[in-house]
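The values are calculated or read from the model by the stated rules, or taken from the named source; none is laboratory data. These numbers were taken from a predicted model, which means no experiment stands behind them. Neighbour counts are summed over all protein chains in view; Cβ atoms, including those assigned to glycine, are modelled from backbone coordinates with ideal geometry. Side chains are part of the model used for accessible areas, which takes the heavy atoms of the whole protein and leaves out ligands, DNA and RNA. Shrake-Rupley method; radii C 1.70, N 1.55, O 1.52, S 1.80 Å.
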Amino acid sequence: MNTKSANTMWGGRFSAGPDAIMEAINASIGFDKRLAPQDIEGSRAHAAMLAATGIIRSEDAVAIDAGLAQVLQEIEAGAFTFSTALEDIHMNVEARLSEIIGAPAGRLHTARSRNDQVALDFRMWVRAQCDAAISGLDALIRAFLAQAEAGADWVMPGFTHLQTAQPVTWGHHMLAYVEMFARDKSRFEDARKRMNECPLGAAALAGTSFPIDRHITAQALGFDRPTANSLDTVSDRDFALEFLGAASICAMHLSRFAEELVIWSSAQFRFVRMSDRFSTGSSIMPQKRNPDAAELLRAKLGRILGATVALFTVMKGLPLTYSKDMQEDKEQVFDAADNLILGLAAMEGMVRDLTANRAALEQAASAGFSTATDLADWLVRALNLPFREAHHVTGALVKLAEDKGCDLPDLTLQDMQKIHGEITQEVYSVLGVQNSVASRTSYGGTAPDNVRAQIARWKEGL
């Protein structure tokens, strides 16, 4: 590509080009070349609109379209030479187009600016990342549903403060993440709807005096409508911020389950076994199976949240409209999107391959006085005790069991009657973990029948 004419793009304003330092800080081609497909698609739609409205000749539009198709082919084939001197993807594409078709290339930039051009390219790219995140979340939700269905009635400990609290079902725990990731999916869907307005035609900041038809380009590029205010259009990056916000929340959910996998796969818990595809060994300890994929996923939130903070920091002090600061909007978003999509795929693989240890789960669920609340509830129902008194009686029974070195179901009826004389043999019907989870039939509760009904609802919805 010929770069000798790079300085002339300023229209003679400067007699000499920027020095090497200025060129290095000013150029964005090193990262915004990722926007080449969007840039070319937008330019083709713009040229077609210019011809449809009579602003340029049809034959020029045809030449531009063919030339842009060739440029895209060269980029996809790795045969395109990107030039730092030409600063960005827009000027690189336009310069190559000029080499291919000559004078008609100069008509492409009629009635637009690099300001609305980059706003278009970036918005289209982020919109595609929303679609990728939605697809990845859909696959991940299905993986959790498969785990929930396989263990709808398997009993495991539910935790608060990472202490055994009450028995729950494996299926119920898996469905908790279905709910989380479904909300993440809805956030990306909502963000996509809001960002689906076309910036092209806002020009530098005030619109254009050419008789363009912005609805033509909006429709051609898959947008619902053109943006309504040219000042807002070129200075807006909240579509990227909203994507990053949704990505940060989603990555936080990924990180939480990754943390559970790290804990659960340890020798101390033995709740799950991660597949060899997502585990590694130790260089000196042959017995080790390290959950490296989960640990790496746990760390990805830092990068994604960092990108969110970085873009907020770039945008927070900018007056309307465009400032060069906004060139710093892309690298963080590119990195966050790459890591989010990778993280979703990795987690989907881990969940699908995951093997739960049913025996270890049930054994753990039966320990730690996990049915104490069931006992307190029984005292309220059967003996008509006020809950606070039932809570006190149950606490005394837990202490007695601790002193005897056993769990609540192992206490004899005589032991229990020493604490409260009205306790009957019926109490043992609520002390088993299976009985406990089966009794939690309130909507949203952990009972296996509830879990199966929720699985059916989700499968039908998906």
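When region 430-462 is filtered for residues that are in a helix (DSSP H, G or I), open to solvent by less than 60 Å² (accessible area, probe 1.4 Å) and in contact (Cβ under 8 Å) with a residue 24 or more places away in the chain, the ones remaining, listed by number, are Val433, Ser436, Val437, Pro448, Asn450, Val451, Gln454, Ile455, Trp458. Of everything in region 397-406 that's more than 24 Å from Leu361 (Cα to Cα) and under 47 Å from the mean Cα position of the chain (by Cα), which residue is surrounded by the fewest Cβ atoms within 10 Å (Cβ to Cβ)? For region 397-406, the residue satisfying everything is Lys399.
Take the residues of region 365-392 that are among the small types (Gly, Ala, Ser) and assigned to a helix (DSSP H, G or I): which is nearest to Ile423 (Cα to Cα)?
Pass one, region 365-392, residues among the small types (Gly, Ala, Ser): 365-368, 370, 372, 376, 382, 390.
Within this subset, residues satisfying the condition of being assigned to a helix (DSSP H, G or I) are 365, 372, 376, 382, 390.
Numbers: Ala365: 24, Ala372: 14, Ala376: 11, Ala382: 9, Ala390: 11 Å.
My answer is Ala382.
Report whether or not Ala165 is outside the structural domain of Thr373 (by the TED database), modelled with pLDDT under 95 and either open to solvent by less than 40 Å² (accessible area, probe 1.4 Å) or part of a loop (DSSP other than H, G, I, E, B) (or both).
Details: outside the structural domain of Thr373 (by the TED database): yes; modelled with pLDDT under 95: yes; either open to solvent by less than 40 Å² (accessible area, probe 1.4 Å) or part of a loop (DSSP other than H, G, I, E, B) (or both): yes.
Answer is yes for this residue.
Here Ile134, Ile101 are screened, and the one residue that is in contact (Cβ under 8 Å) with a residue 12 or more places away in the chain and more than 30 Å from Gly461 (Cβ to Cβ) is Ile101.
If we scan region 245-254, do we find a residue that is more than 13 Å from the chain's Cα centre (by Cα) and either within 30 Å of Ile141 (Cβ to Cβ) or among the hydrophobic types (A, V, I, L, M, F, W, C) (or both)? For region 245-254, residues more than 13 Å from the chain's Cα centre (by Cα) and either within 30 Å of Ile141 (Cβ to Cβ) or among the hydrophobic types (A, V, I, L, M, F, W, C) (or both): absent. Of all residues in region 407-423, those that are surrounded by fewer than 14 Cβ atoms within 10 Å (Cβ to Cβ) and outside any helix (DSSP H, G or I) total 3. Glu74 meets the conditions (1) crowded, with 18+ Cβ neighbours inside 10 Å; (2) free of Cβ contacts under 8 Å to residues at least 24 places away in the same chain; (3) of a type outside the set (Gly, Ala, Ser) in every case but one. The failed one is (1).
Per the listing Arg107, Arg114, Arg142, Arg127, the residue uniquely closer than 22 Å to Asp335 by Cα and either touching a Cys at 6+ places or on another chain (Cβ under 9 Å) or surrounded by fewer than 24 Cβ atoms within 10 Å (Cβ to Cβ) (or both) is Arg127. Where residues in region 239-267 are of a type in the set (Val, Ile, Thr) and in contact with a helix residue (DSSP H, G or I) (Cβ under 9 Å, 6 or more places away or on another chain), which of them is most open to solvent (accessible area, probe 1.4 Å)? It comes out as Ile249.
Being assigned by the TED database to the domain that holds Cys250, surrounded by 15 or more Cβ atoms within 10 Å (Cβ to Cβ) and closer than 23 Å to Phe181 by Cβ: is that true of Leu342 here?
Working: assigned by the TED database to the domain that holds Cys250: yes; surrounded by 15 or more Cβ atoms within 10 Å (Cβ to Cβ): no; closer than 23 Å to Phe181 by Cβ: yes.
Judged against the criteria, Leu342 is not a match.
Restricting Arg214, Arg277, Arg270, Arg303 to residues that are open to solvent by 40 Å² or more (accessible area, probe 1.4 Å) and within 17 Å of the chain's Cα centre (by Cα) narrows the list to Arg303. Candidates are the residues of region 236-283 that are within 20 Å of Leu175 (Cα to Cα) and assigned to a loop (DSSP other than H, G, I, E, B); the one that is modelled with the lowest pLDDT is Met274.
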